[in-house]
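See structure below.
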Amino acid sequence: MSAATLIGMNACSSDFLKEDAGHLYTDALLETGDGALAMAAGLYGNIRWHFGYEWAYGITLYGCDEFTNGADLTAEPWNTYDNRLQPLDCTTALGAANNNCPPVSGLWNQMYYGISTANLVIAKAAQVSDEDSRNKALGEAYFLRGYNYYRLFAQYGGVVIQTEPANGDVKKSYTRASEDETLSQVIADLEQAYNLLPTSKWRGNGTWTKYTAAHFLAKALLFRQSERCSSWNSAYDKNADLNRVIALCDEVIAACPLAADYADLFANWTGVNCPNENLSEILMAAEHNADATTQGRFGNRTYNYFSPQFSNFSGGWIKRGAYIGEMDFQRCRPTEYTYSAFDNVNDARMWKTFKTVYGLNNQQMKADDTVDKDGNVTKGMKSTYGLTDAQCPAIGDQGAIFILNKKSDHRFDGEPYGTFGRGGQAHTFINPETGKWVPNAFVNFMNGQYVLYNYGVSGNTATSNVFCGINKTADGSRTAEKGDAHRDVIMARTGETYLVKAEAQVRQGKYQEALQTVNILRARGQWKKGEDRSYYTDGSMAFLKADGGMADNSIAGNNSNCKDAGGKTLTMSEAYYASHLHKNTYYLSTGIAETTDASSLQIASYSQLPQEDEDILTAIGATSDYDRMLNFIFNERTRELLGEWNRWEELSRAGLLISRAKAFNPEARANITANKHELRPIPQSFIDALQNEDGSNLTDEQKRAWQNPGY
């Protein structure tokens, strides 16, 4: 915190440190305008924690309907809900695959660190005489405190509420607030932030504004009228809350319009602090850059978590490196539901999100057999796979493809283009579009059955390392294969605001109005006239200026770990061009004729939803208008917000976590339990440290009273 303060003061008041003022490094600093703003700037560092390690996905995306685990089992308990997900942090001694398993205490501890600092700013900044500085500092402190309590409430329910600075005191006696009291604190803090924060991004990108507060205030009020609060929310006027939600959303929507192209939010990331990080749609982001001195404890590790393990299953045809914008840690494997939720013909968001083609960047096999001086024969592609010269791929051809077809698509039944498979298996797939053998070729559906998860190296569908990943975190500016990423992580945007508004309308029974709200969002997701539907890009492009990046990566001229057919080592730039082909499998996946016409995702009536939605609603047994439309909103959240770090909290809030996880996450299905897993366990490390007011330790019965049901 002290380091953050000094950094902030250098930025906000460089003249201050020219004075002999070392004795003033106390709380008194917070009673000056510059000091208060400097400490408030330090609050922003707290949100970086969310994306610094395995907890980024473990507590937000696992155990839901959209993602399950791949073959890596680092955070498996969070997805399977087995007995390792308990009040004690899961270590190897308690059955974790490794010591990187996200701790149950992680969010609890980190949110209270931020709350403690916010309390200090609030207590002291109120004495700042300059109104503008005072309001800005207080607005940011109230926002972070409200946001952190929101995250605590969403995960744990009622928690300890602290609104006064600790002032060095060590306190061990606390009272747990009720859910009502905790959410009321969230709403009160966000109301304060809404009233105090400016409308402008006065600090630059990432500044919390009035509209950031409005978005989360709307979410908090929606939470209060959601299913998880149904046992006590009758004390609040439902329509008053929901009308306020809609009014706040309208304010955000008017002031912070959607980006024109969905690809600009994630795919068209061109480098550190690129223009798209300042889109009006972005309401909150965890800021990162390439300056090591401001990195702090937690860098951006999110680029590790959404890619299949191509370096393992590809048979050596695809090598990983900084020239590819993601690492293949294969943590978050999309479920059959996730692929099926999209209209793969008309929804451009699918093709601007999923990475369906990897280029061949390492020549594992020559075309012809070769014989060494001792007469030993090394078989080539032609004799191994029965290929012609024209069918043999080379550097820069397709190394891996994923065909995202539909369950109703029978074009691949009987494998008319040869057998599908990965590089470590003999297979014969010839891409009909290129006429070449593809070393790794996978299809979603054959014979009306989901088959993509059958191709994993383990042979176990529950731990498949073969899947089609998403690109929202790809970063080609990394200068080391495992170095931290430099791009910001979007935490809230207006695309979600539309869906918050639409859900409020659903809860009011205004189903057609909700559909009209969603249709505005879906209009952005349609193909526009003239678009090349086969084009693909992602944040890998930041690697080279010539391919769309803002600057050449400093390692672009270095040697890579890839070789061509003659054994020559490729440079990093050559490996980049071989890997990043700017192509997808749209036409192969859909089977439609090539077109540049506009498409439509508009829905005319809530009584007749798209087939993708009707199939999902049938699978979960949603029949009433309310259940159908509420689940439709969550289907749309998948299409718009896939992988954006809030799925578990949203499903838990709306009472949909259990039903949808059971329906669509095979690994979660057996263990997830109603009236238990909608909340996380209160960390045992916190409970064990508690004492009564007289200094005595809590009894076992008192400890049990602190814990959430079922743990």
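Tell me the trypsin sites (Lys or Arg not before Pro) within the range 148-234 that lie in a loop according to DSSP and have at most 11 other beta-carbon atoms within 10 Å. Before the final figure, lay out each step's value.
On the way: sites: Arg151, Lys171, Lys172, Arg176, Lys201, Arg203, Lys210, Lys219, Arg224, Arg228; in loops: Lys171, Lys172, Lys201, Arg203.
Filter output for the range 148-234: Lys171.
Can you give the Rg/Rh ratio of the range 287-338, where Rg is from the C-alpha atoms and Rh is the Kirkwood radius? Could the numbers behind the result be given before it?
Details: Rg = 14.2 Å, Rh = 13.0 Å.
Looking at the range 287-338, the ratio lands at 1.09.
Farthest toward the dipole's positive end in the range 196-338, which of Asn312, Ala240, Ile324, given Cβ charges of +1 (Lys, Arg) and -1 (Asp, Glu) about the Cα centre?
Checked the options; the winner is Asn312.
log10 I(q)/I(0), Debye, Cα-only the chain, no solvent, q = 0.07 Å⁻¹?
-0.50
Return one number: the angle in degrees, 0 to 90 and rounded to the nearest 10, between the long axis of the Cα atoms of helix 625-641 and the longest principal axis of the Cα atoms of the chain.
With both axes taken from Cα atoms, the answer is about 70 degrees.
What's the FRET efficiency of Glu693 with Lys201 using the Cβ-Cβ distance as r and R₀ = 51 Å, to the nearest 0.05?
Details: r = 46 Å, r/R0 = 0.89.
Efficiency at R0 = 51 Å is approximately 0.65.
When only the heavy atoms of the protein chains count and the probe is 1.4 Å, how do Asp374, Asp488, Asp532 rank by accessible area, highest first? Kindly include the intermediate steps, with their values, before the conclusion.
On the way: Asp374 110, Asp488 15, Asp532 80 Å².
Final ranking, largest accessible area leading: Asp374, Asp532, Asp488.
Along the Cα→Cβ direction, 7 angstrom out, place labels at Tyr626 and Ser383. What is the inter-label distance in nm?
In this crude spin-label approximation the distance works out to 7.1 nm.
Just to verify a number: FRET efficiency for Asp374 and Ala480, C-beta to C-beta distance, R0 = 25 Å, to 0.05? Intermediate values should be presented prior to the final figure.
Working: r = 40 Å, r/R0 = 1.62.
Calculated value: 0.05.
Whose amide H sits under 5 Å from the amide H of Asn300, counting only residues 5 or more places off or on another chain, with H placed in the peptide plane?
Residues meeting the criterion, in which the H sits 1.01 Å from N, are Ala485.
Around Met350, with a cut-off of 12 angstrom between Cβ atoms, what is the net charge of the other residues, counting Lys and Arg +1 and Asp and Glu -1? It would help to have the intermediate numbers written out before the result.
On the way: positive: Arg349, Lys352, Lys355, Lys406, Arg533, Arg639; negative: Asp343, Asp347, Glu612, Glu640.
Taking every Cβ under 12 Å from that of Met350, the sum is +2.
Normalised by the number of residues in the range 100-187, what is the relative contact order in percent for Cα pairs under 8 Å and 6+ residues apart? It would help to have the intermediate numbers written out before the result.
Working: 87 pairs, mean separation 27.5, N = 88.
So the answer I get is 31 percent.
Which far-off residues, 5 or more places away or on another chain, put their amide H under 5 Å from the one on Phe67, with H placed in the peptide plane?
Placed amide hydrogens put Thr335 under 5 Å from Phe67.
Expressed as a rounded percentage, what relative contact order does the chain have, with Cα pairs under 8 Å and six or more residues apart?
Working: 1435 pairs, mean separation 129.6, N = 711.
Result for the chain is 18 percent.
Taking every eigenvalue of the Cα gyration tensor of the range 34-151, multiplying by 5 and rooting it, what semi-axes result, largest first, whole Å?
Details: eigenvalues 277, 32, 22 Å².
Semi-axes (√(5λ), whole Å): 37, 13, 11.
What is the gain in length, in nm to one decimal, between Lys407 and Ala28 on full extension, counting 0.36 nm per residue of separation less the C-alpha to C-alpha distance? Before the final figure, lay out each step's value.
Working: separation 379, 0.36 × 379 = 136.44 nm, distance 6.55 nm.
Taking 0.36 nm per residue and subtracting the Cα distance, the gain is 129.9 nm.
Any chance you could give the angle, 0 to 90 degrees and rounded to 10, that helix 238-255 forms with the longest Cα principal axis of the chain?
Computed tilt is about 60 degrees.
So what are the ³J(HN,Hα) numbers for the range 144-158, from phi and the Karplus equation (6.51, -1.76, 1.60; θ = phi - 60°), rounded to whole Hz, Gly and Pro as x?
4, 5, x, 5, 5, 5, 4, 5, 5, 4, 4, 8, 10, x, x
Within the chain, what is the longest stretch that has no GluC sites (Glu not before Pro) placed in a DSSP loop and near at most 15 other beta-carbon atoms within 10 Å? Write out the running numbers ahead of the final one.
Details: sites that count: Glu19, Glu433, Glu481, Glu594, Glu693.
The longest uninterrupted stretch comes out as 20-432.
Take the Cα atoms of the range 304-400, find their three principal axes, and give me the spread along each one in whole Å, biggest first.
55, 28, 22
Which residue, chosen from Thr74, Gly139, Thr92, occupies the Cα position most advanced towards the positive end of the dipole of the range 59-139, where the dipole is computed from +1 (Lys, Arg) and -1 (Asp, Glu) charges on Cβ about the Cα centre?
Positive-end residue among those listed: Gly139.
For the range 464-479 and the range 293-329, what is the centre-to-centre distance using only Cα atoms, to the nearest Å?
6
Where does the chain land at 222 nm, in deg cm²/dmol rounded to the nearest 500, when only DSSP H runs of n ≥ 4 count, each adding -39500 (n - 2.57), divided by all residues?
On the way: 24 runs with 248 residues, N = 711.
Calculated at 222 nm, the ellipticity per residue is -10500 deg cm²/dmol.
How large, in percent, is the carbon and sulfur part of the accessible surface of the chain at a probe radius of 1.4 Å?
On the way: 12340 of 25810 Å².
Carbon and sulfur atoms account for 48 percent of the accessible area of the chain.
Between Asn460 and Ala426, how many nm apart are label points set 7 Å from Cα along the C-beta direction?
Calculated label separation equals 2.8 nm.
Report, in debye and to the nearest 20, how large the dipole of the chain comes out about its Cα centre when Lys and Arg carry +1 and Asp and Glu carry -1 on their Cβ. Don't skip to the end; give the middle numbers.
Numbers: 66 positive and 84 negative charges, 184 e Å.
In debye, rounded to 20, the chain gives about 880.
Pull up all non-local amide H partners of Met446: gap of 5 or more, or a different chain, and H-to-H distance under 5 Å with H placed in the peptide plane.
Val451
Any idea how far the Cα center of the range 442-460 sits from the one of the range 79-123, in Å?
Spelled out, the Cα-based centre of one part sits 35 Å from the other.
State the antiparallel share, in %, of DSSP beta bridges confined to the chain, rounding to the nearest 5.
Values: 25 of 29 bridges.
Once the DSSP bridges in the chain are tallied, antiparallel ones form about 85 percent.
Short version: ³J(HN,Hα) in whole Hz for each residue of the range 536-541, in order, from phi by Karplus 6.51 cos²θ - 1.76 cosθ + 1.60 (θ = phi - 60°), x for Gly and Pro, what are they?
Along the range 536-541, the couplings run 9, 8, 7, x, 4, 4 Hz.
Between Lys529 and Ala674, how high is the FRET efficiency from 1/(1 + (r/R0)^6) when r is the Cβ-Cβ distance and R₀ = 45 Å? Nearest 0.05.
Values: r = 48 Å, r/R0 = 1.06.
For Lys529 and Ala674, the calculated efficiency is 0.40.
For the range 451-513, state which trypsin sites (Lys or Arg not before Pro) are in a DSSP loop and have at most 12 other beta carbons lying within 10 Å of their beta carbon.
Values: sites: Lys472, Arg478, Lys482, Arg487, Arg493, Lys501, Arg507, Lys510; in loops: Lys472, Arg478, Lys482, Arg487, Lys510.
The qualifying sites are Lys482.
So how strong a dipole does the range 503-612 carry about its Cα centre when Lys and Arg Cβ are +1 and Asp and Glu Cβ are -1, to the nearest 20 debye? Write down the numbers at each step before the final one.
Working: 11 positive and 12 negative charges, 40 e Å.
Charge dipole of the range 503-612: 200 debye, to the nearest 20.
In degrees, nearest 10, range 0 to 90: what is the angle between the Cα axis of helix 105-125 and the longest Cα principal axis of the chain?
Taking the Cα atoms of the chain, the angle to 105-125 is about 40 degrees.
Hey, if you put +1 on the Cβ of every Lys and Arg and -1 on every Asp and Glu Cβ in the chain, which of Gln363, Val466, Thr209 ends up farthest toward the positive end of that dipole?
Toward the positive end, the furthest listed residue is Gln363.
Placing unit charges on C-beta atoms (Lys and Arg positive, Asp and Glu negative, everything else neutral), compute the dipole magnitude of the range 72-229 about its Cα centre in debye, rounded to 20. Don't skip to the end; give the middle numbers.
On the way: 15 positive and 16 negative charges, 49 e Å.
Rounded to the nearest 20 debye, it is 240 debye.
The values are calculated or read from the model by the stated rules, or taken from the named source; none is laboratory data. If you're wondering where the values come from, they're calculated on a predicted model, not measured in any experiment. Counting neighbours? That spans all protein chains shown, and the Cβs are built from the backbone with ideal geometry, glycine included. Accessible surface is based on the protein model in full, side chains and every heavy atom, while ligands, DNA and RNA are left aside. Shrake-Rupley method; radii C 1.70, N 1.55, O 1.52, S 1.80 Å.
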